[in-house]
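Report on one structure; see the data block that follows.
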Amino acid sequence: MSDSLRAFAVAAHPDDIEFLKAGTLILLKRAGYEIHYMNIANGSCGTAVHSKNLITEIRREEAMESAHLIGAVYHEPLVDDIAIFYEPALLARVAAIMREVSPEILLLHSPQDYMEDHQNSARLGATAAFTMGMLNFQTDPEREAVEQPIAVYHAQPHGNQDILGDKIVPNIFVDITSVIDLKTKMLACHQSQKTWLDRSQGMDSYLHSMQTLSLEVGRMSGNFQYAEGWRKRLHYGFGSEEFSPLEEALGEFVLMPGSTASEQR
């Protein structure tokens, strides 16, 4: 692994990063970070017409194309859709990749997202980060423990609401207005999902839905046109309370309502 700063986006399915995290990831790349892209599941259930093997290969190619657009290091998925469980065997595999990447910044799903694959991927990613420096935690394949402070950021849940329909308001806003076109281009790589999302979840054009969600977060900020929202996980077990690499790296693109100017850097 190089000595450069690293940011790791871990999601459940192909296109989740594009919906919720890609703008921030692009900005981190422009700020000098080496960026990494991983979906824990392979997208095997994202179709009403293709076989499992065919849709898995289609979605892999789409995800790789999206990662390539922004110069992200692509990591292969580990399981089928609806098979992301918080259990020891899968945790050991995710933890091995976490040690290989050894990120400073970890971008995860919201723990309150509407789908259990999303919730479980957030839990797996957080625990993998928590155990990164634990000498006696065994990964699969075996990887040496890494002493690396890490800051964990949770994205907005889909629809900006939790599984019970209560609104979730982020405390960190990232202005993605300047990169919304590239974020849209990344999501457009996932062409297989247009008809599927229209049919299964009533999204009526997944590109429009993503932009609408980004506009809504922008309105929440009271300052940005398009934004992605984040909530930083408590620092216990990850690094010092003051360790805030995302806020420091993105500077003027970050708004934290209620913070002083010096706290926002």
Expected single match for within 25 Å of K232 (Cα to Cα) and buried (at least 23 other Cβ atoms within 10 Å of the Cβ) among I70, I84 is I84
Based on what the data block shows, is A129 among the small types (G, A, S), surrounded by fewer than 18 Cβ atoms within 10 Å (Cβ to Cβ), out of contact with any His (no Cβ under 8 Å at 6 or more places or on another chain) and not in a strand (DSSP E or B)? no
For H208, work out the one condition from (1) farther than 26 Å from V101 by Cα; (2) in contact (Cβ under 8 Å) with a residue 24 or more places away in the chain it doesn't fulfil. (2)
Would you call V179 of a type outside the set (D, E), over 20 Å from M38 (Cα atoms) and modelled with pLDDT of 95 or more? yes
Among the residues of segment 89-105, is any exposed (fewer than 15 other Cβ atoms within 10 Å of the Cβ), modelled with pLDDT of 95 or more, more than 18 Å from the chain's Cα centre (by Cα) and in a loop (DSSP other than H, G, I, E, B)? no
Can you tell me which residue in segment 1-53 is modelled with the lowest pLDDT, limited to those that are among the aliphatic types (A, V, I, L, M) and in a loop (DSSP other than H, G, I, E, B)? M1
For segment 18-53, enumerate the residues that are buried (at least 20 other Cβ atoms within 10 Å of the Cβ), closer than 18 Å to E104 by Cβ and touching a residue at least 60 places away in the same chain (Cβ under 8 Å). K21, T24, L25, I26, L27, L28, Y33, H36
Take E247 and decide whether it is at pLDDT 95 or above and surrounded by fewer than 16 Cβ atoms within 10 Å (Cβ to Cβ). no
Among the residues of segment 138-162, what is the count of those that are over 18 Å from N39 (Cα atoms), surrounded by 14 or more Cβ atoms within 10 Å (Cβ to Cβ) and touching a Phe, Trp or Tyr at 6+ places or on another chain (Cβ under 9 Å)? 6
In segment 110-118, is there at least one residue being in a helix (DSSP H, G or I), over 21 Å from E34 (Cα atoms) and within 12 Å of the chain's Cα centre (by Cα)? yes
Considering each residue of segment 163-186, count those that are surrounded by fewer than 16 Cβ atoms within 10 Å (Cβ to Cβ), more than 18 Å from Y206 (Cβ to Cβ) and of a type in the set (D, E), and give that number. 1
All but one of (1) surrounded by 13 or more Cβ atoms within 10 Å (Cβ to Cβ); (2) modelled with pLDDT of 95 or more; (3) part of a loop (DSSP other than H, G, I, E, B) hold for S214; which doesn't? (3)
Anything in segment 60-81 that is β-branched (V, I, T) and touching a residue at least 40 places away in the same chain (Cβ under 8 Å)? List them, or say none. I70
Could you pull out the residue among A126, A89 that is hydrophobic (A, V, I, L, M, F, W, C) and touching a strand residue (DSSP E or B) at 6+ places or on another chain (Cβ under 8 Å)? A126
If a residue must be assigned to a loop (DSSP other than H, G, I, E, B) and of a type in the set (D, E, K, R), how many such residues does segment 54-88 contain? 4
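The values are calculated or read from the model by the stated rules, or taken from the named source; none is laboratory data. This structure is a prediction, so every number in the text was calculated from the model and none was measured. Cβ coordinates were reconstructed from backbone atoms using ideal geometry, including for glycine residues, and neighbour counts include every protein chain displayed.
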